[in-house]
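Participant: Quick one: the structure is below, and I'll ask about it shortly.
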Amino acid sequence: MNKQKKVKAVTLVSGGLDSLLSSVIVKNLGIEVHGILCSTGLSSENSDKICQIGTSCGLNLEILDVSKGYVDLILHPEFGYGTAINPCIDCHIHFLRAAKNLMEKRGYDFVVTGEVLGQRPMSQHLQALHIVENESGLSGRLLRPLSAKLLPPTVAECEGLIDRNKLFDIQGRSRKRQIEMAKELDIYKHLQPAGGCFLTDKNYGRKFRDFLEHSNHNICKKDLLLLKIGRHFRLSESIKLIVGRNESENTSLTKYKRGNTMLAAVDCPGPVGILSGIDLTQNIELAASIILRYADTEETESTDVELLIDSKSSIITTKPISNDKLEDLRI
Ligand code: SF4
């Protein structure tokens, strides 16, 4: 008996409603679906959670390392940034190139994404969808099930690998139809609010731009990760202080103490600070006064702050900085 070849697709999953829904829709149409979660190395915190959600929705997800070239992509996006420093079009192209490689290597028939026409102002208008498809090298092989009927038929639809009539014509920012569909497919209960991409955060964008300005546009992965942690203060052209906002950030900051100065109040609860830059001496007292602003001490009271430079400890005594002065330094 001539066995019919199983149709296989690789689906790009982000953990959000649209990508999970698209994957389940395609799977329910009899396609063998292989889900991938792209890991840039900059936001891996959620990967395990997303894989668990995928499993609950009946999808096996593989984490695909796409970190190579990603920092450079953030620094020099060909298609520019969104409202913060989110290079969404370049980012989609980067992820889809990785999906295309996997498709070709493993013999999948096409790639699926949860993109919805007109949902995101930067990356999901019609022209952006075409750019992403062409630049990723996936022309005709990229299926967006939620908006498929509003887009030219893909090779998979033309060849009858998937029934275009069973796909959708969703467009715009509302998620109403997707939520109804997810409820009907019994996957809605598994979804959890996504943390969002840090590159779309305007505060992060501000810290990123400040860093570039003061570092001769030299930035590496470690710097990008550090920009996600704590309150940031610019004390001078070359000196910056980061102050932890909670226990977990204090712990993270201590990992960056090598080569920097670490500060913490003595004898009273308070945050950890990391002071970095050139010729720190003139700003040590200022940094200590900021640390005390967030410590459990009186505004008028002089308090000791410990400085740790490469395991050499010293003490400086000062008072907390005033709110007005603090705000002038905040990045
Ligand atoms: S929101 Fe973030 S992860 Fe998503 S495409 Fe934009 S830059 Fe990439």
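The values are calculated or read from the model by the stated rules, or taken from the named source; none is laboratory data. In this text, all values refer to a predicted model and were calculated from it rather than measured experimentally. Reconstructed Cβ throughout: ideal geometry from the backbone, glycine too, with neighbour counts over all protein chains shown. With ligands, DNA and RNA removed, areas are computed over all heavy atoms of the protein, side chains included. Shrake-Rupley method; radii C 1.70, N 1.55, O 1.52, S 1.80 Å.
Participant: Consider only pairs whose beta carbons are under 8 Å apart and that are at least six residues apart or on different chains; among these, list those whose first residue lies in the range 71-95 and is within 20 Å of K221 (Cα to Cα) and whose second residue is away from the ligand (no atom under 11 Å from the Cβ) and of a type in the set (K, R).
Facilitator: Final answer for the pair search is V71/K221; A84/K202; I85/R209.
Participant: Also, I was wondering about something else. Which condition number in (1) assigned to a strand (DSSP E or B); (2) within 16 Å of the ligand (Cβ to nearest atom); (3) crowded, with 21+ Cβ neighbours inside 10 Å is the one that V33 fails?
Facilitator: For V33, the failing item is (2).
Participant: Of the conditions (1) open to solvent by 50 Å² or more (accessible area, probe 1.4 Å); (2) outside any helix (DSSP H, G or I); (3) farther than 25 Å from L167 by Cβ, K5 fails just one. Which one is it?
Facilitator: (3)
Participant: Right, here's the next one. Do you know which residues across the range 250-303 are within 20 Å of H214 (Cα to Cα), part of a helix (DSSP H, G or I) and in contact with a helix residue (DSSP H, G or I) (Cβ under 9 Å, 6 or more places away or on another chain)?
Facilitator: Hits for the range 250-303 are L280, L286, A287.
Participant: Moving to a separate point now. Would it be correct to say that K105 is away from the ligand (no atom under 15 Å from the Cβ), free of Cβ contacts under 8 Å to residues at least 40 places away in the same chain, assigned to a helix (DSSP H, G or I) and surrounded by fewer than 24 Cβ atoms within 10 Å (Cβ to Cβ)?
Facilitator: It is true that K105 is away from the ligand (no atom under 15 Å from the Cβ), free of Cβ contacts under 8 Å to residues at least 40 places away in the same chain, assigned to a helix (DSSP H, G or I) and surrounded by fewer than 24 Cβ atoms within 10 Å (Cβ to Cβ).
Participant: On to the next question. Test of understanding: among A287, A295, which residue is under 32 Å from the mean Cα position of the chain (by Cα), assigned by TED's automatic domain parsing to the domain that holds K240, more than 17 Å from H232 (Cβ to Cβ) and modelled with pLDDT of 95 or more?
Facilitator: Exactly one residue qualifies, and that residue is A295.
Participant: Which residues, counting only those in the range 41-76, are open to solvent by 30 Å² or more (accessible area, probe 1.4 Å) and in a strand (DSSP E or B)?
Facilitator: L61, E62, I63, D65
Participant: Determine whether G41 is in contact with a helix residue (DSSP H, G or I) (Cβ under 7 Å, 6 or more places away or on another chain) and away from the ligand (no atom under 12 Å from the Cβ).
Facilitator: Against the criterion (in contact with a helix residue (DSSP H, G or I) (Cβ under 7 Å, 6 or more places away or on another chain) and away from the ligand (no atom under 12 Å from the Cβ)), G41 qualifies.
Participant: Then there is this: All but one of (1) more than 20 Å from P121 (Cβ to Cβ); (2) of a type outside the set (G, A, S); (3) open to solvent by less than 60 Å² (accessible area, probe 1.4 Å); (4) outside the structural domain of S14 (by TED's automatic domain parsing) hold for L191; which doesn't?
Facilitator: Going through the list (1) more than 20 Å from P121 (Cβ to Cβ); (2) of a type outside the set (G, A, S); (3) open to solvent by less than 60 Å² (accessible area, probe 1.4 Å); (4) outside the structural domain of S14 (by TED's automatic domain parsing), L191 breaks only (4).
Participant: Which of the numbered conditions does K202 fail, given that it passes all the others? Conditions: (1) more than 30 Å from T55 (Cα to Cα); (2) surrounded by 15 or more Cβ atoms within 10 Å (Cβ to Cβ); (3) within 16 Å of the ligand (Cβ to nearest atom).
Facilitator: Condition not satisfied by K202: (2).
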